[in-house]
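J.: I have a structure I would like to understand better, so I am pasting it below and will then ask my questions one at a time.
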Amino acid sequence: MENRLYFNRLETLTEDKKKLIKKINLERESIGYYSLPKQNIDDILEFTENFDESIENIVVLGIGGSSLGAKAIYEFLKPIEQPKRSLFFFESTDPLNIADLLKQIDMDKTHFLIISKSGGTVETISIFKYIYAPNPDKRRFTFITDKGSSLDKFAEDLGSKRFYLPDNVGGRFSVLSVVGLMPLALCGIDIKALLKGADDVCDSFFEEGLLKYALLDKALYYAKNHARYNINCIFAYSETLKYFTEWYVQLWGESLGKKQRCSAFNVGLTPIGLIGPKDQHSFLQLIMEGTRDKSVTFIKLREFEHEMYIPPVTLKHLESLDMLNDIAFHDLINMQCDSVIEALKNEKEVPLDEIIIPAVNAESIGALMYYYELLTSLVGELIDVNTYDQPGVEAGKIILKEKLQSR
Ligand code: PA5
């Protein structure tokens with residue numbers, strides 16, 4: 001994975017960078033996600049190897065950090081790697097969505113993973129009740145939660161298999177833990193390669209690799225300019241990255257939109273996920289000529305698996321588009337991305353960078369996700385927020401509980 005920055009940067013080890021590295025190293029001692037790339041996954045592999053071969057569908061009942069990461073990886077790899085089992089996500093209390101998903105699965109060939117760190121999330125537990133009540137068979141369900149949670153106790157009484165989140169791994173930083181790895185492994189995805197990609201980024205950052213200064217420079221730029229450039233767009237040139245951008249929006253938004261730790265100020269950076277070339281025909285105008293409050297990170301794939309060429313045919317009245325003849329689609333899409341970058345480089349006030357990932361494979365997406373987790377931690381430290389909590393979402397939950405209780 002390569003990261004090219006097109007804004008003013010200081011590639012030397014400044015005092016700011018030294019301080020930041022020190023703080024992140026300190027944080028690394030207590031925050032669990034940093035060490036996930038080097039974790040032991042024998043229990044996950046063993047469970048997967050001995051799994052019932054007649055099961056064709058895996059259903060994740062979970063929301064937010066308990067579903068978005070696995071979904072991003074599954075959807076990224078799906079066009080290239082035929083999954084061993086189909087993976088479904090029940091994330092919403094929308095009855096249309098629940099009914100539609102249930103129509104697509106044969107209950108007798110389906111296994112449910114109930115994933116909730118807290119074990120008490122309304123969306124997850126309400127859908128679980130709906131599925132469990134008519135099918136109370138312990139073998140249909142595996143539970144992934146924090147040890148000792150109410151859900152853990154329920155699963156223990158039921159006699160179902162349980163897995164636990166490692167210590168100090170927050171929901172939105174849990175994709176590389178059992179939360180993301182279990183559903184993916186059951187679908188035949190190479191989770192060792194996923195972790196290898198993440199580990200390469202981890203080593204590159206913590207052991208003087210190429211990504212270290214890109215990450216530090218980018219984090220410092222975002223933090224120092226966060227009052228002006230408070231919107232961070234990812235513009236990914238592949239449909240396969242659509243759900244990755246959803247994961248990014250959650251990670252960035254829920255981690256960085258906070259009250260500062262040492263002041264009364266509310267701060268935050270607003271994530272936007274865009275997909276090229278589709279969003280060239282919508283959001284791009286706003287980036288090009290709108291308020292100068294956005295930075296843009298382009299994500300490109302170096303290799304697309306499919307060699308598809310535009311045939312050299314001339315269409316009457318459309319002769320001016322003969323320039324498309326014989327062009328491979330993978331070259332076309334990257335030329336489109338490069339052209340937008342070039343056009344934006346002429347608009348000097350839009351901070352840009354480009355991430356190039358080698359191919360659609362587990363290693364690449366593992367690397368990209370870990371890169372974004374690190375970037376989030378770095379920016380969170382610099383803008384002085386607690387990156388790992390989410391007190392802002394509690395107020396609505398409390399009101400909902402009151403409403404439900406007073407029915
Ligand atoms: O990142 C987070 O902590 C949240 O988005 C949670 O993942 C989300 O609220 C779901 O929580 P839980 O896993 O406890 O059901």
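J.: Pull up segment 56-96, narrow it to residues that are among the aliphatic types (A, V, I, L, M), in contact with a Ser or Thr (Cβ under 9 Å, 6 or more places away or on another chain) and within 16 Å of LYS117 (Cα to Cα), then point me to the one that is nearest to the ligand (Cβ to nearest atom). Give the steps one after another, and end with the answer.
T.: Step one: of segment 56-96, the residues among the aliphatic types (A, V, I, L, M) are 58-61, 63, 68, 70, 72-73, 77, 80, 87, 96.
Filter once more, so that each one left must be in contact with a Ser or Thr (Cβ under 9 Å, 6 or more places away or on another chain): 58-61, 63, 72, 77, 80.
Pick out the ones that are also within 16 Å of LYS117 (Cα to Cα) and you get 60-61, 63.
On the way: VAL60: 11, LEU61: 10, ILE63: 5 Å.
The qualifying residue nearest to the ligand (Cβ to nearest atom) is ILE63.
J.: Go through segment 222-247 and count every residue that is closer than 25 Å to THR291 by Cα, in contact with a Phe, Trp or Tyr (Cβ under 6 Å, 6 or more places away or on another chain) and not aliphatic (A, V, I, L, M).
T.: Count: 1.
J.: Under the condition of being among the hydrophobic types (A, V, I, L, M, F, W, C) and without any contact (Cβ under 8 Å) to a residue 12 or more places away in the chain, which residue from segment 276-324 is nearest to SER364 (Cα to Cα)? Explain how you work it out, then say what you get.
T.: The first filter runs over segment 276-324 and keeps only residues among the hydrophobic types (A, V, I, L, M, F, W, C), leaving 283-284, 286-288, 296, 298-299, 301, 304, 308, 310, 313, 315, 318, 321, 323-324.
Then keep just the ones that are without any contact (Cβ under 8 Å) to a residue 12 or more places away in the chain; that gives 286, 315, 318, 321, 323.
On the way: LEU286: 30, LEU315: 39, LEU318: 39, LEU321: 34, MET323: 32 Å.
Filtering segment 276-324 for residues that are among the hydrophobic types (A, V, I, L, M, F, W, C) and without any contact (Cβ under 8 Å) to a residue 12 or more places away in the chain, the one nearest to SER364 (Cα to Cα) comes out as LEU286.
J.: To continue, here is another question. Mind telling me which of the residues SER263, SER238 ends up being more than 16 Å from the ligand (Cβ to nearest atom) and at pLDDT below 95?
T.: Values: SER238 fails: at pLDDT below 95.
Exactly one of SER263, SER238 is more than 16 Å from the ligand (Cβ to nearest atom) and at pLDDT below 95, namely SER263.
J.: If you go through segment 55-74 one residue at a time, do you hit one that is in contact with a Leu (Cβ under 9 Å, 6 or more places away or on another chain) and surrounded by fewer than 17 Cβ atoms within 10 Å (Cβ to Cβ)? Explain how you work it out, then say what you get.
T.: If we filter segment 55-74 for residues that are in contact with a Leu (Cβ under 9 Å, 6 or more places away or on another chain), which is where we start, we get 55, 57-62, 65, 67-74.
Still in the list and also surrounded by fewer than 17 Cβ atoms within 10 Å (Cβ to Cβ): 55.
Among the residues of segment 55-74, at least one is in contact with a Leu (Cβ under 9 Å, 6 or more places away or on another chain) and surrounded by fewer than 17 Cβ atoms within 10 Å (Cβ to Cβ), which makes the answer yes.
J.: Here's a follow-up. Could you say whether any residue in segment 165-179 is part of a helix (DSSP H, G or I), away from the ligand (no atom under 15 Å from the Cβ) and modelled with pLDDT of 95 or more?
T.: Taking segment 165-179 and keeping what is part of a helix (DSSP H, G or I), we get 171-173, 178-179.
Checking the rest, the ones that are also away from the ligand (no atom under 15 Å from the Cβ) come to none.
No, that holds for no residue.
J.: When the residues of segment 100-143 are filtered to those that are among the hydrophobic types (A, V, I, L, M, F, W, C), within 15 Å of the ligand (Cβ to nearest atom) and without any contact (Cβ under 8 Å) to a residue 60 or more places away in the chain, which remaining residue is farthest from ARG172 (Cα to Cα)?
T.: First pass over segment 100-143, keeping only residues among the hydrophobic types (A, V, I, L, M, F, W, C): 101-102, 105, 107, 112-115, 122, 125, 127-128, 131, 133, 141, 143.
Of the ones still in play, those that are also within 15 Å of the ligand (Cβ to nearest atom) are 112-115, 122, 125, 127-128, 143.
Those left that are additionally without any contact (Cβ under 8 Å) to a residue 60 or more places away in the chain: 112, 114, 125, 143.
Working: PHE112: 21, ILE114: 16, ILE125: 19, PHE143: 18 Å.
Once the filter is applied, the top-ranked residue is PHE112.
J.: Can you find a residue in segment 15-35 that is of a type in the set (Phe, Trp, Tyr) and within 22 Å of PHE173 (Cβ to Cβ)?
T.: Residues of segment 15-35 that are of a type in the set (Phe, Trp, Tyr), as a first pass: 33-34.
Then drop every residue that is not within 22 Å of PHE173 (Cβ to Cβ), which leaves 33-34.
The answer is yes, given that some residue of segment 15-35 is of a type in the set (Phe, Trp, Tyr) and within 22 Å of PHE173 (Cβ to Cβ).
J.: Which one is farthest from the ligand (Cβ to nearest atom) among residues in segment 144-160 that are touching a residue at least 24 places away in the same chain (Cβ under 8 Å) and of a type in the set (S, T, N, Q)?
T.: Of everything passing the filter in segment 144-160, SER150 is farthest from the ligand (Cβ to nearest atom).
Let's see how each residue does on (1) surrounded by fewer than 19 Cβ atoms within 10 Å (Cβ to Cβ); (2) among the small types (Gly, Ala, Ser):
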{"position": "TYR243", "(1), (2)": "no, no"}
{"position": "GLY276", "(1), (2)": "no, yes"}
{"position": "ILE287", "(1), (2)": "no, no"}
{"position": "PHE329", "(1), (2)": "yes, no"}
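J.: Next question. Which pairs have Cβ atoms under 8 Å, sit 6 or more apart or on different chains, and link a residue in segment 332-358 that is free of Cβ contacts under 8 Å to residues at least 60 places away in the same chain to one that is part of a helix (DSSP H, G or I)?
T.: LEU332/LEU324; ALA343/MET288; LEU344/ILE287; LEU344/MET288; GLU347/MET288
J.: Conditions: (1) in contact (Cβ under 8 Å) with a residue 24 or more places away in the chain; (2) more than 16 Å from the ligand (Cβ to nearest atom); (3) assigned to a helix (DSSP H, G or I). MET182 meets all but one. Number of the miss?
T.: So MET182 meets the others, but not (2).
J.: Just to verify a result, which residue in segment 25-43, among those that are within 21 Å of the chain's Cα centre (by Cα) and aliphatic (A, V, I, L, M), is nearest to LEU216 (Cα to Cα)? Talk me through it step by step, then tell me what you get.
T.: Step one: filter segment 25-43 for residues within 21 Å of the chain's Cα centre (by Cα), giving 28, 31-39, 41.
Keeping just the survivors that are aliphatic (A, V, I, L, M) gives 31, 36, 41.
Details: ILE31: 19, LEU36: 21, ILE41: 30 Å.
So, considering only residues that are within 21 Å of the chain's Cα centre (by Cα) and aliphatic (A, V, I, L, M), the one nearest to LEU216 (Cα to Cα) is ILE31.
J.: For the list (1) small (Gly, Ala, Ser); (2) within 16 Å of the ligand (Cβ to nearest atom); (3) in a helix (DSSP H, G or I), I need the number of the one condition that ALA193 fails.
T.: ALA193 satisfies all of (1) small (Gly, Ala, Ser); (2) within 16 Å of the ligand (Cβ to nearest atom); (3) in a helix (DSSP H, G or I) except (2).
J.: Please count how many residues of segment 363-389 are more than 21 Å from TYR222 (Cα to Cα) and either surrounded by fewer than 22 Cβ atoms within 10 Å (Cβ to Cβ) or of a type in the set (S, T, N, Q) (or both).
T.: Adding up the residues that qualify gives 2.
J.: What about SER92, is it under 19 Å from the mean Cα position of the chain (by Cα), of a type in the set (Ser, Thr, Tyr) and surrounded by fewer than 20 Cβ atoms within 10 Å (Cβ to Cβ)? Let's see the steps before the verdict.
T.: Numbers: under 19 Å from the mean Cα position of the chain (by Cα): yes; of a type in the set (Ser, Thr, Tyr): yes; surrounded by fewer than 20 Cβ atoms within 10 Å (Cβ to Cβ): yes.
Spelling it out, SER92 is indeed under 19 Å from the mean Cα position of the chain (by Cα), of a type in the set (Ser, Thr, Tyr) and surrounded by fewer than 20 Cβ atoms within 10 Å (Cβ to Cβ).
J.: Further question: Is at least one residue of segment 247-259 outside any strand (DSSP E or B), away from the ligand (no atom under 16 Å from the Cβ), at pLDDT 95 or above and in contact with a helix residue (DSSP H, G or I) (Cβ under 9 Å, 6 or more places away or on another chain)? Quick ask: steps written out before the conclusion?
T.: In the first step, residues of segment 247-259 are kept if they are outside any strand (DSSP E or B); the result is 247-257.
Those left that are additionally away from the ligand (no atom under 16 Å from the Cβ): none.
The answer is no; no qualifying residue exists.
J.: Residue under question is PHE244, and the condition is that it be aromatic (Phe, Trp, Tyr), touching a residue at least 60 places away in the same chain (Cβ under 8 Å) and not in a helix (DSSP H, G or I); does it hold?
T.: Numbers: aromatic (Phe, Trp, Tyr): yes; touching a residue at least 60 places away in the same chain (Cβ under 8 Å): yes; not in a helix (DSSP H, G or I): no.
Considered against the rule, which asks whether it is aromatic (Phe, Trp, Tyr), touching a residue at least 60 places away in the same chain (Cβ under 8 Å) and not in a helix (DSSP H, G or I), PHE244 comes out as no.
The values are calculated or read from the model by the stated rules, or taken from the named source; none is laboratory data. Since the structure is predicted, the reported quantities are computational estimates derived from the model, not experimental observations. Positions of Cβ are backbone-derived with ideal geometry, glycine not excepted, and every protein chain shown enters the neighbour counts.
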